[in-house]
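Working notes for the structure below.
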Amino acid sequence: MSQVPAYKRILLKLSGEALMGDDNYGINRSTIEQIVGQIKEVVALGVEVGIVIGGGNIFRGVAPAAAGMDRATADYMGMMATVMNALALKDAMTKVGLIARVQSALTMQQIAEPYVRGKAMQYLEEGKVVIFAAGTGNPFFTTDTAAALRGMEMNVDIMLKATKVDGVYTDDPKKNPDAVRYQSVTFDEAISRNLKVMDATAFALCRDQHLNIKVFSIFKDGALRRVVLGEDEGTLVHC
């Protein structure tokens, strides 16, 4: 099997919930170490990695915990949660010898660099992992949209959407054992079949800018490596 990566630069979208593992909230250390281990594997292949992280394991602006709050205020709190996750991710990377930088769309100079596109691209070219925190820096936009935006700004080859399910299925595989995984599907087919790939704004951005999306499970050992090597892992959403 070829060990030559199919992609030179990727944008990995991690949900905050991915960091919880089997816990009800917060950050599960063994889970974050497993994810970082997969990232280290692809960095060793020479792949440049940018990451957008969510904050749903700590706080989410549209969650029940935010009920009754001003939406913008709740969203800013959610953005700060993503910064906490980004710092945890960076710490875990440092412990395994990866060099990572956290760039935040909100100004937090003591703990993270401000987001600067040119600097981020320089880091990627140097082989550093860049973790983009605080979403877009604006309320009313999800971290899916931030991932689409940063992916386009970084000129990545593909966006990888890491989930708990190993691709996009014809139906919910947890409820319907006969559900079939799509190996690939076009953006238009995903819309017509009402497949939940990501939120509508992010999906439209990727479609309009021809940024393909690969949906896969980050909890399958070696899955990220197989995706990067172009193997049949997950579902490719393409133009």
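The values are calculated or read from the model by the stated rules, or taken from the named source; none is laboratory data. Quick caveat: nothing in here was measured; it's all calculated off a predicted structure. As a convention, Cβ positions derive from the backbone with ideal geometry for all residues, glycine included, and neighbour counts pool all protein chains shown. Remember, those area values only see protein heavy atoms, side chains included, never the ligands or the DNA or RNA. Shrake-Rupley method; radii C 1.70, N 1.55, O 1.52, S 1.80 Å.
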Quiz item: In segment 161-168, is there at least one residue being open to solvent by 70 Å² or more (accessible area, probe 1.4 Å) and more than 14 Å from Thr201 (Cα to Cα)?
Solution: yes
Self-check item: Residue under evaluation Lys40, criteria (1) over 18 Å from Ala162 (Cα atoms); (2) surrounded by fewer than 20 Cβ atoms within 10 Å (Cβ to Cβ), criterion not met
Solution: (1)
Quiz prompt | Test: residue in segment 85-99 that is surrounded by 22 or more Cβ atoms within 10 Å (Cβ to Cβ) and assigned to a loop (DSSP other than H, G, I, E, B) | solution = no
Quiz item: Between a first residue in segment 34-53 that is assigned to a loop (DSSP other than H, G, I, E, B) and a second residue that is open to solvent by less than 10 Å² (accessible area, probe 1.4 Å), which pairs have beta carbons less than 8 Å apart while being 6 or more apart in sequence or on different chains?
Solution: Leu45/Val228; Val47/Ile10; Val47/Val228
Practice problem: Can you run down the residue pairs with Cβ atoms below 6 Å, 6 or more apart or on separate chains, where the first is in segment 149-175 and of a type in the set (A, V, I, L, M) and the partner is open to solvent by less than 50 Å² (accessible area, probe 1.4 Å) and modelled with pLDDT under 90? | Solution: Val168/Leu195
Practice problem: Might you let me know whether segment 157-171 holds any residue that is in a loop (DSSP other than H, G, I, E, B), touching a Phe, Trp or Tyr at 6+ places or on another chain (Cβ under 8 Å), at pLDDT below 95 and among the small types (Gly, Ala, Ser)? | Solution: yes
Quiz item: For Ala120, all conditions in the list (1) touching a Lys or Arg at 6+ places or on another chain (Cβ under 9 Å); (2) farther than 29 Å from Leu195 by Cα; (3) open to solvent by 30 Å² or more (accessible area, probe 1.4 Å) hold save one; what is the number of the exception?
Solution: (3)
Practice problem: Could you look through segment 176-203, keep only residues that are open to solvent by less than 80 Å² (accessible area, probe 1.4 Å) and among the polar types (S, T, N, Q), and pick out the one that is farthest from the chain's Cα centre (by Cα)? | Solution: Asn176
Quiz item: Hey, among the residues in segment 204-224 that are open to solvent by 70 Å² or more (accessible area, probe 1.4 Å) and touching a residue at least 40 places away in the same chain (Cβ under 8 Å), which one's farthest from Glu17 (Cα to Cα)?
Solution: Gln209
